[in-house]
Amino acid sequence: MNKEILNRVYLENLSFADLTKLADKYGIDVPENLNRNFLIGELLELVEESNNVNEDIMLVSEDGGNSSSDYLPLSYNETQISCILRNPVWAFVFWNISDNDAAMLKSMSDSTLMLRVCILGSKDDLTPIEVFEINAAADTQEQYVLLPSGKKFFRIELIYKTLSSGKVMAFSPVVEIPQGAEYLNDLQPGNIPEFSKIAKISGIEKVVTEQYKNHRHSFS
């Protein structure tokens, strides 16, 4: 069977839509906010893994040869950060630091790499209504972040801090947190809402009762 030939020039010249179709063809899940460079990296990682087990795709250089030196590195030598919702409570955050920024951080012995979670009032807001900071994982470039409840929009900033200064190195796209139905969010003992006759036919009363029984703490 002939192998499908992929190289970095070919991938970089594809539109994001074509990259997404290619990823779908090979079973790569593409979250909505995934960065284009990371998507290309995912495809090339798949190419490398496939070559190692003699599967049906391969990477070749522009002159037709192929070697490990033709693979794109996992790092694109850019400082970037992105995040994907695992669920409405947890966000998976991943980042990359350029060689220049890494050298700068190393030269400052008192610097601390941190993640700043910015809660936004709307998707287009530039100024957050609430922020909190957590230390970034020291031994990896990814970690899960617990999100506050009742919020709808957020972004993650990669920052460093010293005793005298600090700087935002990169920030993620704005992410929207799915919201639950008001009927379920506001459910309290003795506060079951009055449903319309049509809604009652759907069985909504049973749904909210089961929600309360199974997912709410007891009240004293």
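Key figures for this structure:
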read-out	value
Selection status of V89, at pLDDT below 90, closer than 21 Å to P173 by Cβ, open to solvent by 50 Å² or more (accessible area, probe 1.4 Å) and out of contact with any helix residue (DSSP H, G or I) (no Cβ under 7 Å at 6 or more places or on another chain)	yes
Qualifying residue in segment 150-163 (condition: more than 22 Å from R86 (Cα to Cα) and among the small types (G, A, S))	no
The lone exception for E48 - which of (1) part of a helix (DSSP H, G or I); (2) at pLDDT 75 or above it fails	(2)
Contacts under 8 angstrom Cβ, first residue in segment 129-156 being aliphatic (A, V, I, L, M), partner open to solvent by 80 Å² or more (accessible area, probe 1.4 Å), 6 or more apart	V145/W90; L146/W90; L147/W90; I156/F171
Hits in segment 100-121 - residues which are in a helix (DSSP H, G or I) and within 18 Å of F38 (Cβ to Cβ)	D101
Enumeration of residues in segment 105-119 that are among the charged types (D, E, K, R) and within 25 Å of K151 (Cα to Cα)	R116
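The values are calculated or read from the model by the stated rules, or taken from the named source; none is laboratory data. No experiment lies behind these values; they were computed from the predicted model shown. Here the Cβ is made from the backbone with ideal geometry for all residues, glycine too, and neighbour counts use every protein chain on show. Quick note on the areas: whole protein, heavy atoms, side chains included, nothing else; ligands and nucleic acids left out. Shrake-Rupley method; radii C 1.70, N 1.55, O 1.52, S 1.80 Å.
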